[in-house]
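**Q** Below is the structure I would like to discuss, written out as structure tokens.
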Ligand code: GLU
């Protein structure tokens, strides 16, 4: 699963953002990245793979600043490469964004922006949002974000920074979670409270279609009609062990009770409802390839192996495609028969 962290305040943003990403690491991701406002410019560093790879890159290019955004990506559109990793920047270099979720109408928006001469640098659905905000930017970042999200269909948790407004951080959500953390003259954005709990216990949970404009001295919560909305500031308990075990006596017990939540989280931002049908977005880009699959091999270890076996029954039952589940640790030493049409 993917994650977002944002920071604005008096402290060094980079440490806070990387620290936050590390707390989200358990969720699984394929690449990560960070962007900061440094000396009036947006500086970005991205890497595929683990956060350690991002940290390695940052050693040779350390970033300094007090406003920034960071992301761990779980790719839906485009391979898990550095080029596709977030943050994504707008054509004019003015806007930088991180995004969780799926922009359903990105292909139409992309075509239109390309016809206006905008060159795309990634294969992601996200990049259209950066360009859209830049297109609408007219001296007011919040207004530009509001306009851009009025054009978007799909799900998003967004964090946005802007070169022309170096003292502003914007967050917005629809279908993907986003939390505002409130510190002493500093604020945080995160997709999960665990990314910021070591800095503040005061949080505001954004609702769908909320947008928050944050400056170092305060924040402004709005709905998509630019009307002010109020949400209670909540106190979250800081007890690392309790958070980890969630109040249960044992991790195993916790994980058993967590199953409905885990299923919801797995599908969050991925399940869109169109004409009464559930649609797992992101797959339809390869629909032709999917139709040609005549055999499926699931490789897994441990509990994932058992999950794979459930998958075997379900896929065979629903799709009528033969499935085999293989121990991943053995599979790599074999010479498996994989022909065109086999999906691993
Ligand atoms: N759809 C976006 C992408 O593929 C965001 C994925 C995510 O939620 O991490 O880059």
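Values quoted throughout were computed directly from the atomic coordinates according to the rules given, and no laboratory measurement underlies them. Treat the numbers as computed from the prediction; the structure is a model and nothing was measured. Note: ideal-geometry Cβ built from the backbone for every residue, glycine included; neighbour counts use all protein chains shown.
**Q** Sort 122-133, 189-200, 53-64 by the packing proxy (mean of other Cβ within 10 Å over each peptide's residues), most packed first.
**A** Top to bottom by mean Cβ count within 10 Å: 122-133, 189-200, 53-64.
**Q** Here's something else I'd like to know. Out of every Cα pair in the chain, what percent are spaced more than 26 Å from each other?
**A** Details: 30558 of 58996 pairs.
More than 26 Å apart: 52 percent of the Cα pairs in the chain.
**Q** State, to one decimal in nm, how far the label point of residue 11 lies from the label point of residue 334, with both points 7 Å from Cα in the Cβ direction.
**A** Label-label distance for residue 11 and residue 334, simple model: 5.0 nm.
**Q** I would also like to ask the following. With r defined as the distance between the Cβ atoms of residue 25 and residue 219 and R0 fixed at 41 Å, what FRET efficiency is calculated, to the nearest 0.05?
**A** The pair residue 25/residue 219 has a calculated efficiency of 0.90.
**Q** Obtain the nm distance between the two label points defined at residue 147 and residue 287 by a simple spin-label model: each point lies 7 Å from its Cα along the Cα-to-C-beta direction.
**A** Each label point lies 7 Å from its Cα, and together they span 3.3 nm.
**Q** Assuming R0 = 35 Å, can you tell me the calculated FRET efficiency for the pair residue 253 and residue 208, based on Cβ-Cβ distance, to the nearest 0.05?
**A** Details: r = 32 Å, r/R0 = 0.90.
Once the sixth-power term is evaluated, E becomes 0.65.
**Q** Let me ask something additional. Using square roots of five times the C-alpha gyration tensor eigenvalues, list the equivalent-ellipsoid semi-axes of the stretch 72-192 in whole Å, biggest first.
**A** Ellipsoid semi-axes (Å, largest first): 22, 17, 13.
**Q** Next up: Measure of size requested: the Rg and Dmax of the stretch 147-234, with Cα atoms as the atom set and Å as the unit; please supply both.
**A** Cα radius of gyration and Dmax of the stretch 147-234 are 12.5, 36 Å respectively.
**Q** When DSSP assigns beta bridges and you keep just the ones with both residues in the stretch 83-203, what percent turn out antiparallel, to the nearest 5?
**A** Values: 21 of 22 bridges.
Just about 95 percent of them are antiparallel.
**Q** Ok, one more. Could you check the simple spin-label distance between residue 227 and residue 121, using points 7 Å along Cα→Cβ, in nm with one decimal?
**A** It is 3.9 nm.
**Q** Here's another thing I want to ask about it. Send over the semi-axes of the stretch 1-155's equivalent ellipsoid, whole angstrom and largest first, taken as the square roots of 5 times the C-alpha gyration tensor eigenvalues. Before the final figure, lay out the partial values.
**A** Values: eigenvalues 119, 67, 36 Å².
One finds semi-axes of 24, 18, 13 Å for the stretch 1-155.
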